[in-house]
Amino acid sequence: MFTCAKIKDGSTYLSSHLTANDYYCENEHVTGVWVGKGAERLGLSGDSIGKDDAAFEALRRNLLPDDSGRLTPRRAENGIRFFDFQCSAQKSVSIMAVTLEDQRLYAAHDWAAATAFAELERFAAFRSGLTRQPEISGNVCAAAFRHDSSRALDPQLHTHFVVANATWDSGRKRWLALDTCEIFKAIRYAGKVYQNEMARQCRQLGYKIETVRNEKGVIEGFEIKGVSTDIRERFSKRRAEVEAGIEAFRREKGRAPTTNEIHVITRETRNVKLKEISTPEVRAQQRSQLSESELAALEAIKQRALASPDKTVGMGSAWRALMRARDHLYERYSVLRGHQLFAEALNQQLGYLDLSILKRYMTSAYTGMVRLAEHARNPLLSCQWASRQGLNLERWSIEFVNQTQDFCAPLGKTEGVAFGFRSKEQQEVVLETLETKDRVYAIRGCAGAGKTSCLTEVRKGLEAS
């Protein structure tokens with residue numbers, strides 16, 4: 001899954017966090033790498049990143065890496081410098097990769113995370129011109145750092161994609177501030193791309209996987225089979241801290257926190273200071289939390305996987321997954337973005353689908369879906385799709401409304417009724433409603449505008465007639 005944090009200053013972020021793997025050791029440093037189409041345009045793609053990287057500092061200061069001038073026109077002193085998109089593996093994957101030291105899972109995570117981030121990059125945008133509407137650019141410059149522990153020193157395989165607040169406008173040939181609105185909308189899709197690729201990699205490496213559902217029965221992800229819930233929860237101390245913070249918020253406020261408030265809780269419960277410890281000590285500390293029988297069981301899972309890798313594992317039906325997603329989503333929505341359909345299709349069969357085949361099926365004339373408008377820079381994922389059945393129902397509805405205008409007797413009585421109007425606007429709405437001869441009539445108003453009190457007055461006219 002993907003989460004995101006906004007970095008406003010970032011002067012110590014590279015040296016104190018990104019190159020330190022969530023704990024500190026004098027002789028150990030994590031090396032990052034530049035990724036993204038924007039990094040390629042800046043001549044950084046594939047270059048390694050150390051704790052004193054000059055290009056990272058230049059981008060933080062909104063300067064071009066070659067020292068030739070300002071990067072984007074923005075001049076805000078306290079503006080956002082970076083967006084840190086964090087892609088995290090399932091807890092069972094982290095346990096087998098980190099604590100049980102299956103290095104193959106590190107490579108699998110790198111592949112899955114890179115694939116998912118490339119999909120997320122497609123939604124990069126900027127705002128320009130009079131309309132100030134987001135325009136898709138499809139490129140970012142990001143510093144990727146892989147870590148394998150949480151601040152609580154639990155196994156947690158994850159990659160930070162630290163995205164500079166800039167994107168290239170190919171039409172006007174200039175760098176502009178990054179607009180993340182479309183990226184945030186598509187973050188579930190990117191998370192499902194990661195989960196699907198990671199689950200498929202696990203299967204190819206010889207691991208059995210199982211689907212994880214929430215209390216409502218909705219698929220949330222997958223885990224490696226045999227890694228018990230108890231062990232996964234034992235190595236999820238950071239999650240427990242956040243859950244405790246959420247529960248404290250509920251008790252204090254009498255309601256559940258919003259998504260933004262959960263981000264604040266997550267940040268406030270996080271220990272800012274890094275613990276000084278070496279990697280071998282971290283591994284020993286993790287293994288000490290497992291009993292001999294638990295450690296033996298996990299080792300057996302690893303050995304079975306090592307003995308039976310299979311690069312040609314069977315795959316599911318991408319067509320069936322797409323049809324299931326269509327039928328499920330269009331029960332509640334009339335129009336959907338492409339990425340919403342793909343996210344749901346992937347979620348149907350995590351680890352059993354090929355994204356490229358899924359995309360190919362989407363353009364088939366037999367899907368029962370219609371693309372409402374072309375989207376030049378992100379044609380499948382950003383454009384809107386409707387079902388043919390939904391469009392037919394909508395056309396019928398519009399035709400019905402149009403054909404039954406002035407079709408009936410007035411709805412209610414307006415003369416001799418003891419109305420208690422509170423305003424001129426309310427009087428206009430009530431009288432127009434009671435005098436309407438249309439078969440279909442609607443009253444629309446924002447929250448608190450007085451719709452309920454209007455209907456109270458409308459009722460008087462109905463009863464009087």
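What follows is calculated from the coordinates using simple rules that are stated; it is not laboratory data. Given the structure is predicted, the values throughout are model-derived calculations rather than measurements. Methodologically, a virtual Cβ is constructed for each residue, glycine included, from the backbone with ideal geometry; neighbour enumeration extends over all protein chains shown.
The distance between label points at Arg360 and Lys413 comes to 7.1 nm (points 7 Å beyond Cα on the Cα→Cβ vector). Whole-percent P(r), segment 424-464, all Cα pairs, 5 Å bins from 0: 5, 22, 35, 26, 10, 2.
Kirkwood radius for segment 318-403, taken over all pairs of different Cα atoms as the inverse mean of 1/r, rounds to 13.5 Å.
Annotation: amide H of Arg174 within the under-5 Å range of Asp169, sequence separation 5 or more or interchain, hydrogens built in the peptide plane.
Rank the residues Cys408, Cys454, Cys87, Cys383 as a footprinting-exposure proxy: fewest other Cβ atoms within 10 Å of their Cβ go first. Numbers along the way, then the final one.
Details: Cys408 12, Cys454 21, Cys87 26, Cys383 16.
Going from least to most buried by this count: Cys408, Cys383, Cys454, Cys87.
The ranking of Leu431, Leu336 by Cβ neighbour count inside 10 Å, starting from the fewest, reads Leu431, Leu336.
Going through the cross-link list Lys51/Lys275; Lys8/Lys173; Lys37/Lys311; Lys91/Lys185; Lys91/Lys237, which pairs have a Cα-Cα distance over 21 Å in this structure?
Numbers: Lys51/Lys275 18 Å; Lys8/Lys173 26 Å; Lys37/Lys311 30 Å; Lys91/Lys185 25 Å; Lys91/Lys237 11 Å.
As for pairs spanning more than 21 Å Cα to Cα, those are Lys8/Lys173; Lys37/Lys311; Lys91/Lys185.
For segment 163-231, GluC sites (Glu not before Pro) are listed when DSSP marks them as loop and at most 10 other Cβ atoms sit within 10 Å of their Cβ; the list is Glu215.
Normalised by 2.2 N^0.38 Å, where N is the number of residues, the alpha-carbon radius of gyration of segment 49-184 equals 1.21.
Based on the mean of other Cβ atoms within 10 Å per residue, sort peptides 165-172, 277-284 so the most packed one is first.
Details: 165-172: 18.8, 277-284: 14.8.
The peptides rank, most packed first, as 165-172, 277-284.
Subtracting the Cα-Cα distance of Lys8 and Glu77 from their residue separation scaled by 0.36 nm leaves 23.9 nm. Summed over qualifying helices (DSSP H, 4 residues or more, each -39500 (n - 2.57)) and divided by its residue number, the chain shows a 222 nm mean residue ellipticity of -12500 deg cm²/dmol.
Shown for His160, His328: other C-beta atoms within 10 Å of each C-beta, ranked fewest to most, produce the order His328, His160. Please determine, in degrees from 0 to 90 and to the nearest 10, the orientation of helix 318-329 with respect to the longest principal axis defined by the Cα atoms of the chain, where the helix direction is its Cα long axis. The angle comes out near 40 degrees.
Full-extension gain between Asn27 and Glu294, please, as 0.36 nm times their residue separation minus the C-alpha to C-alpha distance.
On the way: separation 267, 0.36 × 267 = 96.12 nm, distance 3.20 nm.
Value of the extension gain: 92.9 nm.
Could you sort 417-423, 61-67 so that the peptide with the highest average Cβ count within 10 Å comes first and the rest follow in order?
61-67, 417-423
Here the simple spin-label model places points 7 Å from the Cα toward Cβ, and for Glu243 and Ser228 these points are separated by 1.7 nm.
Give the aspartates and glutamates whose C-alpha is closer than 12 Å to that of Lys413, dropping any in the same chain fewer than 8 places away, or say none. Those aspartates and glutamates meeting the cut-off are Glu432, Glu435, Glu457, Glu463.
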